[in-house]
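What follows is one structure encoded as structure tokens, with my remarks underneath.
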Amino acid sequence: MTVMPDKKTEYEESATSWRELDPEEVKKGIMAKYPPKVARKRSKHFVVNKKKDEQSYEPIQANVRTIPGIISQRGCCYAGCKGVVMGPTRDIINLTHGPIGCGFYSWLTRRNQTDPSTTPDGHNFMTYCFSTDIEDKEVIFGGEKKLKQAIQEAFDIFKPKMISVFSTCPIGLIGDDIHSVTREMQEKLGITIFGFSCEGYKGVSQSAGHHVANNGLFMHVIGQDDTVQEGEYKVNLLGEYNIGGDEFIIDELFEKCGIKIISTFSGNSSVDHFRNSHTADLNLIMCHRSINYVADMMEEKYGIPWMKINFLGAKSTAASLRKIAQYYGDQKLIDRVEEVIAEEMVDVEKAQADVQTRLKGKLAMMFVGGSRAHHYQELFNEMGMQTIAAGYEFAHRDDYEGRHVLPSITVDADSRNIEELDVEKDPTRYNPRIPEDEMEQEERHGIKLKTYDGMMPDMEENFTYSIDDISQYETEKMIEIYKPAIFCAGIKEKYMVQKHGMPMKQLHSYDSGGPYAVFKGAINFYYEIDRMINSKVWGHIRAPWEENPELAAMYANE
């Protein structure tokens, strides 16, 4: 018997370089595997990056239900609410009302880090898993009594400032009213207690949970403390979750520049920070998808403008610092920022020159939530690498194409499940940080406010792909066709990708690495990717009969 090597794909036979491949033909070949109806739907999510007109790119379908039967990377509404937005806050007791299987997710499944020493009481509940452990009898007879007992027990043991309660799927199905329970317990215990109706099935992905969490924070926490802190330039950092310590080194960099962070939503965060966040001058958004709701609401109620920034990649970090300085228009801050950038770039450029000798020209793919699939392309560019395909599992169209498409997005039944708050100017605390005409024009000192151009404009046209909610089949075909040097996604895809004999970098929680933000983090990332791609271990991933396919044998009856 002779074992032959796998036949080359038609794409490998017809091209020696990825630039010689026809992206539309590649897409057509991948879609051909699906039934016609599924192919029509998936083709709207699988887009070759190219302009439709002067302003717009080819539209992409996003934020709609995953087609049944397709293996997706998505998480649930509860994961977005508890796991992403609320989870990194150290001194809130986050109590999951549901079965213990859901409750396990309450136990710090992401690598959010925090520093309890920065708040007087030193509370840190992130290492605990709080759950009501709903069982069969509560599903039949109701779990509200058990929820009250759990809140009381948590209060008696830990004496927290705040308790938040998260509904999971069974709770929504049996109809427990967590909001009446939390109101009752808040009155009884005298601390802030509120609930999130974030049942996993609500919405189409974890994006729904982000929106629910934003609403809850805005209604129950933000604005409770009017203390005005010292500092010339006071900002909130929104959509930064301190994975692997990113927020620590962003804060350190801001201190060097003379910028004070009032609150981070929600990495290395505290209840006290949230309560006081409405006193900042400016909101800075890192992850556009997870936190833009609260930024818009804080602008409407308190008059705080927001701008989109990116602290992943040295070039983007420098550009973001300059945007902040230019927004304030203070020459002292502008000069200080330039000094810091010049100082930090010495080591960055040295590291770039080193890794480019081993990484230049190699391909990367990334499918990571929030804005990471966009932001990390900057880091790969700085190493001389090319991102061939990128996408999100829970994005909306504006994350891909830019916020100018918002008026054209149709609100479907799933999105209507999420409450849109009716926000008005606070009668006493609305204080426009900049003149009203600049707020209306969404521009200050030449810096655009309240805008995001999306991922597509930063990707090479006609050769690269934006793929929303990529399936496992599509992932494997893209790997087979383009053979990237590295694939970046989450834990669900990690081992499947590694079986293809290539490194897989988990960018949801950084595996065991990080921090990767700002200048110091960029250097860390360069060398980690260099080590991963150039490790000799990937040469040992193939079985001996794949390396030397001629294997002779005979049947026993011979």
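Observations, loosely collected:
- Search result, residues across the stretch 124-163 that are in contact (Cβ under 8 Å) with a residue 24 or more places away in the chain and polar (S, T, N, Q): Asn124, Ser131, Thr132, Gln152
- Residue check, Asp177 out of contact with any Phe, Trp or Tyr (no Cβ under 8 Å at 6 or more places or on another chain) and on the phi > 0 side of the Ramachandran plot: no
- Within the stretch 391-433, the residues that satisfy the criterion of being part of a helix (DSSP H, G or I) and surrounded by 15 or more Cβ atoms within 10 Å (Cβ to Cβ) are Arg397, Asp398, Asp399, Tyr400, Glu401, Arg403, Val405, Ser415, Asn417.
- Test for Phe166: is it part of a strand (DSSP E or B) and in contact (Cβ under 8 Å) with a residue 60 or more places away in the chain: yes
- Exactly one residue out of Glu474, Glu460, Glu480, Glu493 is part of a loop (DSSP other than H, G, I, E, B) and acidic (Asp, Glu): that is Glu460.
- Selection count, the stretch 169-214, where residues are in a loop (DSSP other than H, G, I, E, B) and touching an Asp or Glu at 6+ places or on another chain (Cβ under 9 Å): 7
- The set of residues in the stretch 399-455 being within 30 Å of Val64 (Cβ to Cβ) and basic (Lys, Arg) consists of Arg403, Arg416, Lys448, Lys450.
- Residues located in the stretch 496-521, provided they are surrounded by fewer than 16 Cβ atoms within 10 Å (Cβ to Cβ) and assigned to a loop (DSSP other than H, G, I, E, B): Lys499, Gly501, Ser512
- Considering residues of the stretch 86-141 that are polar (S, T, N, Q) and farther than 21 Å from Leu217 by Cβ only, the residue least open to solvent (accessible area, probe 1.4 Å): Thr132
- The single condition among (1) of a type outside the set (D, E, K, R); (2) open to solvent by 20 Å² or more (accessible area, probe 1.4 Å); (3) modelled with pLDDT of 90 or more; (4) assigned to a helix (DSSP H, G or I) that Thr451 does not meet is (4).
- Number of the condition not met by Lys301 [criteria: (1) buried (at least 18 other Cβ atoms within 10 Å of the Cβ); (2) under 16 Å from Ala517 (Cβ atoms)]: (2)
- Total residues in the stretch 454-484, condition more than 22 Å from the chain's Cα centre (by Cα) and crowded, with 21+ Cβ neighbours inside 10 Å: 2
- Test: residue in the stretch 142-161 that is within 18 Å of Gly83 (Cα to Cα) and modelled with pLDDT of 95 or more: no
- Where Ser408 falls short, out of the listed (1) in contact (Cβ under 8 Å) with a residue 40 or more places away in the chain; (2) more than 23 Å from Ser316 (Cβ to Cβ): (1)
- Annotation note: Cβ proximity below 7 Å between a residue of the stretch 313-337 that is closer than 18 Å to Lys234 by Cβ and crowded, with 19+ Cβ neighbours inside 10 Å and a residue that is at pLDDT 95 or above and among the basic types (Lys, Arg) (sequence gap 6+ or interchain) occurs for Tyr327/Arg444; Val337/Arg322.
The values are calculated or read from the model by the stated rules, or taken from the named source; none is laboratory data. Worth saying up front: this structure is predicted, and the values here are computed from it rather than measured. Cβ atoms come from the backbone with ideal geometry, glycine included; neighbour counts cover every protein chain shown. Accessible surface areas use protein heavy atoms only, side chains included; no ligands, DNA or RNA. Shrake-Rupley method; radii C 1.70, N 1.55, O 1.52, S 1.80 Å.
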